[in-house]
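Asker: Pasting a structure below so you can have a look.
The values are calculated or read from the model by the stated rules, or taken from the named source; none is laboratory data. No experiment lies behind these values; they were computed from the predicted model shown. All Cβ positions, glycine included, derive from the backbone under ideal geometry; neighbour counts span all protein chains shown. All accessible areas refer to the heavy atoms of the entire protein, side chains included, with ligands and DNA or RNA removed. Shrake-Rupley method; radii C 1.70, N 1.55, O 1.52, S 1.80 Å.
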Amino acid sequence: EAGIQLFGLGFNAGKNLYMFIDIIERVQGNVVVPRDLIVLAMKGNEGFVGNNIDLTSLRGDLKYFREAGFGLSGNITSRLRVGARGKLLFGLASVSIKNRSLGIRVNDDYSHTFNADLTVNLSGPVKVIPDEDNSVGSIEIDDSGFDSDMEKLDYLLNTRNLGLGLDLGAEYTITDKILVSASITDLGYIPWKSDVSNLIADTSFMFRGLNLTDVIEGTKTFEEMGDEML
């Protein structure tokens, strides 16, 4: 994750009370890679013949949002200080994978049977173009809403994906040299509602490999072979 503070202001509001406001541009992402996928990449498919490669744990997401926060901190006692920060979250773009089932079976003849039941959720200025089979033909950046400065500003100040967040923290002074602190950060949610696309894969298909002899003999081009693979 990464964050850039666009604005910050803090000030004392009394002997023991501190107030602050800030605006932060944030990007958060994570990915979980199944162990079988790493083994397949490093050792090949020899060890999986007659078995399944389980990729159900594959998942990930990426979020880009703006955070506007207002916080207070103050002394409850001479030793205990607590703070809280409420946040408005403005979602700008996101992509996430919901993986219900994903696997590859390596058959005895080294053909591969793929089984998938997953959804990719998108929110942002993208356009999904289907092909004649209603599958995903291509995904392109949709810049039709950025023709004017007002449209660009409307996107950057997007309130259609408006969420809430909360940070909590505390410090306790045990002695002059020992201080204990604890915090809970980034509690909250963003409901993604604008420019939403949901790509669903619920299918099974067999891949028998590619025959380079066709390319060598000139009856097929590399481009045609690549199209078959896709």
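Asker: Scan Ser183, Ser194 and give me the residue that is small (Gly, Ala, Ser), in a loop (DSSP other than H, G, I, E, B), touching a residue at least 12 places away in the same chain (Cβ under 8 Å) and surrounded by 10 or more Cβ atoms within 10 Å (Cβ to Cβ).
Answerer: One residue alone meets the criteria, Ser194.
Asker: For Asp167, which of the numbered conditions (1) closer than 19 Å to Arg26 by Cβ; (2) open to solvent by 60 Å² or more (accessible area, probe 1.4 Å); (3) acidic (Asp, Glu) fails to hold?
Answerer: With (1) closer than 19 Å to Arg26 by Cβ; (2) open to solvent by 60 Å² or more (accessible area, probe 1.4 Å); (3) acidic (Asp, Glu) applied to Asp167, the lone miss is (2).
Asker: Something else now. Please go through (1) open to solvent by 60 Å² or more (accessible area, probe 1.4 Å); (2) more than 30 Å from Phe70 (Cα to Cα); (3) assigned to a loop (DSSP other than H, G, I, E, B) for Ser204 and return the number of the only condition it doesn't satisfy.
Answerer: The one condition Ser204 does not meet is (3).
Asker: Here is a follow-up. If you check Thr113, Thr56, Thr119, which single one turns out to be in contact (Cβ under 8 Å) with a residue 40 or more places away in the chain, hydroxyl-bearing (Ser, Thr, Tyr) and closer than 26 Å to Leu164 by Cβ?
Answerer: Step by step, each of Thr113, Thr56, Thr119 is checked, and only Thr119 is in contact (Cβ under 8 Å) with a residue 40 or more places away in the chain, hydroxyl-bearing (Ser, Thr, Tyr) and closer than 26 Å to Leu164 by Cβ.
Asker: Are any of the residues in the stretch 96-111 assigned to a strand (DSSP E or B), among the aromatic types (Phe, Trp, Tyr) and within 30 Å of Arg35 (Cβ to Cβ)?
Answerer: Within the stretch 96-111 (the criterion being assigned to a strand (DSSP E or B), among the aromatic types (Phe, Trp, Tyr) and within 30 Å of Arg35 (Cβ to Cβ)), the answer is no, since none of the residues qualifies.
Asker: Suppose the filter is of a type in the set (Ser, Thr, Tyr) and under 17 Å from Gly188 (Cα atoms); does Ser94 pass it?
Answerer: yes
Asker: Name, by its number, the condition in (1) open to solvent by 70 Å² or more (accessible area, probe 1.4 Å); (2) in contact (Cβ under 8 Å) with a residue 60 or more places away in the chain; (3) in contact with a Leu (Cβ under 8 Å, 6 or more places away or on another chain) that does not hold for Arg79.
Answerer: Condition not satisfied by Arg79: (3).
Asker: In addition: Please work out which residue is nearest to the chain's Cα centre (by Cα), limiting yourself to the stretch 207-230 and to residues that are hydrophobic (A, V, I, L, M, F, W, C) and modelled with pLDDT under 85.
Answerer: Leu230
Asker: Yes or no: Leu72 under 17 Å from Tyr189 (Cα atoms) and open to solvent by 60 Å² or more (accessible area, probe 1.4 Å)?
Answerer: no
Asker: Then there is this: From the set of residues in the stretch 126-146 that are under 22 Å from Arg66 (Cβ atoms) and open to solvent by 90 Å² or more (accessible area, probe 1.4 Å), which is nearest to the chain's Cα centre (by Cα)?
Answerer: Ile141
Asker: A follow-up question, please. Read through the list (1) over 27 Å from Leu162 (Cβ atoms); (2) open to solvent by less than 50 Å² (accessible area, probe 1.4 Å), then give the number of the only condition that Glu67 fails.
Answerer: It is condition (1) that Glu67 fails.
Asker: Could you please find all residues in the stretch 207-216 being in contact (Cβ under 8 Å) with a residue 40 or more places away in the chain and open to solvent by less than 90 Å² (accessible area, probe 1.4 Å)?
Answerer: Listed by number, the residues that qualify are Phe207, Gly209.
Asker: Then there is this: Polar (S, T, N, Q), open to solvent by 90 Å² or more (accessible area, probe 1.4 Å) and either assigned to a helix (DSSP H, G or I) or farther than 22 Å from Ile129 by Cβ (or both): is that true of Thr219 in this structure?
Answerer: yes
Asker: Now a separate question. Could you please give the count of residues in the stretch 17-46 that are open to solvent by less than 70 Å² (accessible area, probe 1.4 Å) and over 25 Å from Ser96 (Cβ atoms)?
Answerer: Selection size over the stretch 17-46: 8.
Asker: Further, regarding this structure: Run down Asn99, Asn75, Asn107, Asn115 and say which single residue is within 19 Å of the chain's Cα centre (by Cα), modelled with pLDDT under 95 and either within 30 Å of Leu230 (Cβ to Cβ) or among the polar types (S, T, N, Q) (or both).
Answerer: On inspection, the qualifying residue turns out to be Asn99.
Asker: Please work out if Ser204 is closer than 30 Å to Ser78 by Cβ, over 24 Å from the mean Cα position of the chain (by Cα) and not hydrophobic (A, V, I, L, M, F, W, C).
Answerer: Judged against the criteria, Ser204 is not a match.
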